[in-house]
Amino acid sequence: MKLVVNKDVLLDGLQKVQSIVATRSTLPVLYNVYLKVEKDRLWLTATDLEVTVRTSLEAKISRTGGTTVPARRFFSICRELPSNDIEIDADDKDVVSIKAGASRYKIIGISEDEFPPLPTFKGNRSYSLDQKVFKTMLASTHYAASADASRPALCGVLASFRDGKMNMVATDGRRMAMWEQDMAMEKNTDGQCVIPAKTVAELLRSLGEEGQVTLQLSENQVAIEFGQMLVMSKLIDANYPNYRQVIPVDSGDRIVVEREMLLNAVRRVALLLSDKSNSITLTFGKDTLEVSASSADVGEATENLEIKYRGKEMAIAFNPDFLMDPLKVLGSDEVSLELTNELSPAVLRCDKPFQCVIMPMRVK
């Protein structure tokens with residue numbers, strides 16, 4: 001293969017795929033990025049056998065073909081090249097020549113025949129929605145997924161398609177974040193999948209703000225296409241729990257709070273926590289909210305916020321991260337907390353189709 005490609009275009013494409021390149025593998029080719037020239041475009045592909053990422057770039061093609069090159073070394077070389085145009089030429093022994101201005105490099109590649117083939121995808125369920133909405137749904141829920149490998153079903157984000165709605169849910173058993181979005185769906189295409197956390201992280205890096213995203217589901221994998229990107233992933237093969245049963249039926253008292261004010265207060269107060277003490281306390285009184293934390297080996301902190309509240313006095317303790325995670329990503333000016341009592345789950349809502357159920361902490 002032989003081509004000329006713009007440096008910035010090539011670096012942007014490599015950045016989109018190289019995060020998937022294996023860091024530990026018994027297969028040397030998994031450390032490489034696959035360069036394939038066809039149909040007047042340069043295609044870049046990387047895989048770790050669980051997730052595959054592919055993108056295409058505009059290039060001036062002189063000869064079609066393909067090879068694989070060490071991803072991080074190739075990126076480092078291209079980043080340092082002085083010229084805007086980079087010429088790449090691979091011979092039949094997979095020796096890749098790189099030319100730009102007065103710079104000349106040769107690196108040893110591995111045959112494209114050794115690169116794992118793209119997963120064969122036989123999806124019969126396809127869904128399309130706005131790319132910005134899809135990214136917002138992922139960002140608003142993914143942080144609640146579990147990191148406990150002994151509970152594999154919870155180590156990802158559930159995407160459920162049913163009755164003209166897409167639900168995205170993540171939970172670790174102590175909190176649950178859910179976004180429910182209306183969407184156009186064809187008849188008889190109900191389905192769901194659990195997308196692994198690693199794939200979600202890759203999507204959040206790559207998704208943009210414009211255009212559509214298309215998801216295709218098969219029995220054990222998902223293909224997600226947007227712009228010039230294709231992300232294919234194996235799915236978590238485990239039954240997701242009934243997440244709706246944890247949503248409180250009785251909402252109790254509803255307190256509206258300015259989102260950023262609450263976030264900043266929790267963040268500052270949490271600075272006084274230590275490894276032995278990982279909870280903050282929200283104390284609700286007449287038109288006031290006290291955010292406090294104390295640690296025997298560090299000290300204590302208190303902040304008082306003005307709110308509109310005329311309910312019963314109540315003190316409820318939370319893991320501060322469980323409060324801050326949704327507050328960081330929601331774009332709403334105000335959020336509401338629905339509280340029943342000190343030991344019942346709290347529900348955080350906003351003006352979006354979002355809710356986060358948070359279990360309080362027992363404080364001795």
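No lab work stands behind these numbers, since they all come straight from the coordinates. Just so we're clear, the structure is a prediction, and the values are computed from it rather than from any experiment. Ideal geometry is used to build each Cβ from the backbone, glycine not excepted, and the neighbour counts take in all protein chains shown.
Summary value for the chain: 13 percent relative contact order, contacts being C-alpha pairs under 8 angstrom separated by 6+ residues.
Relative contact order of region 303-364, taken over Cα pairs closer than 8 Å and 6 or more residues apart, is 32 percent. Rounded to the nearest 20 debye, the dipole magnitude of the chain is 520 debye, with +1 charges on Lys and Arg beta carbons, -1 on Asp and Glu beta carbons, and the Cα centre as origin. In straight-distance terms, cross-link reach from residue 187 covers every one of the lysines whose alpha-carbon lies under 30 Å from its own, apart from those fewer than eight places away in the same chain; here that gives 122, 132, 135, 165, 234, 352. Considering only 31, 240, 298, and ranking their Cα positions along the charge dipole of the chain that arises from unit charges at the beta-carbon of Lys, Arg, Asp and Glu, the one farthest toward the positive end is 31.
Restricting the chymotrypsin sites (Phe, Trp or Tyr not before Pro) of region 96-158 to loop positions (DSSP other than H, G, I, E, B) with no more than 13 neighbouring Cβ atoms within 10 Å leaves 121. The order of the peptides 169-181, 21-33 by mean Cβ neighbours within 10 Å, most packed first, is 169-181, 21-33.
Protection proxy ranking, highest mean first, for peptides 221-231, 327-337, 82-92: 221-231, 327-337, 82-92, where packing is the per-residue count of other beta-carbon atoms within 10 Å, averaged.
Averaging the Cα positions of each part gives two centres, and for region 203-257 and region 1-63 these lie 26 Å apart. The orientation-averaged shadow of the Cα convex hull for region 125-245, equal to a quarter of the hull surface, comes to 6.9 nm². The equivalent ellipsoid that matches the C-alpha gyration tensor of region 247-358 spans semi-axes of 22, 15, 14 angstrom, in descending order. Peptide packing: for 306-317, 155-166, the average count of neighbouring Cβ atoms within 10 Å per residue gives the ranking 155-166, 306-317, highest mean first.
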